[in-house]
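Below is one structure, written out as structure tokens; the observations come after it.
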Amino acid sequence: MKRKLAIAFGIAALSAGTLASAPAALADSSEASPRATYFTLYQFEDKGGEHKGFASGNDDRSLGDTYWTGTRTIMEDAASSMTNNTSRNVTVREGKDGDRCAGQVYHAVKNTSDMSFKNNHFDNEASCLYFS
Ligand SMILES: [Ca+2]
């Protein structure tokens with residue numbers, strides 16, 4: 001954590017070219033770092049719209065009662081892109097069979113992003129996810 005903040009600060013300081021921007025740089029890095037270790041689903045392509053991050057190992061077997069962050073909008077069948085910055089693969093599926101995930105499968109490989117689920121035939125399908 002501290003190392004990542006230091007790196008982010010260093011980059012921000014370099015691009016700003018002055019230490020006068022130090023407080024702003026710290027605010028930016030603290031905002032970015034929580035998502036760095038999350039599997040994040042986004043409402044639209046290209047990481048657009050609402051988002052929701054899942055900490056590594058934090059399975060959610062029913063997105064039918066999960067809200068996009070900061071909203072009262074259910075996220076089931078509405079995700080269109082993702083970033084998986086965790087060190088674990090995530091399996092996302094289109095449906096449920098009792099308490100189990102079921103139906104079409106989407107594999108979110110660790111440390112990858114996918115800017116569109118459309119070419120995976122998985123746009124607006126995500127209903128259930130678990131880390132492996
Ligand atoms: Ca894709």
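Here are the numbers for the structure shown:
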item: Whichever residue in region 27-63 is assigned to a helix (DSSP H, G or I) and modelled with pLDDT of 95 or more and, among such residues, is nearest to the chain's Cα centre (by Cα); result: K47
item: Of all residues making up region 73-132, the number that are more than 15 Å from the chain's Cα centre (by Cα), more than 16 Å from the ligand (Cβ to nearest atom), over 15 Å from Y42 (Cα atoms) and not basic (K, R); result: 8
item: Verdict on A79 being modelled with pLDDT of 95 or more and surrounded by 15 or more Cβ atoms within 10 Å (Cβ to Cβ); result: yes
item: Region 104-125 residues that are farther than 20 Å from R61 by Cβ, paired with ones that are modelled with pLDDT under 95 and among the basic types (K, R) (beta carbon under 6 Å, 6 or more apart); result: none
item: Region 88-103 residues that are more than 16 Å from E125 (Cα to Cα), paired with ones that are of a type in the set (A, V, I, L, M) (beta carbon under 7 Å, 6 or more apart); result: N89/A108; N89/V109
item: Residue tally, condition of a type in the set (V, I, T), assigned to a strand (DSSP E or B) and closer than 13 Å to A108 by Cβ, over region 64-89; result: 1
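The values are calculated or read from the model by the stated rules, or taken from the named source; none is laboratory data. A quick note: this is a predicted structure, and the numbers were derived from the prediction, not measured. A quick note on method: Cβ atoms are made from the backbone with ideal geometry, for glycine too, and the neighbour counts reach across all protein chains shown.
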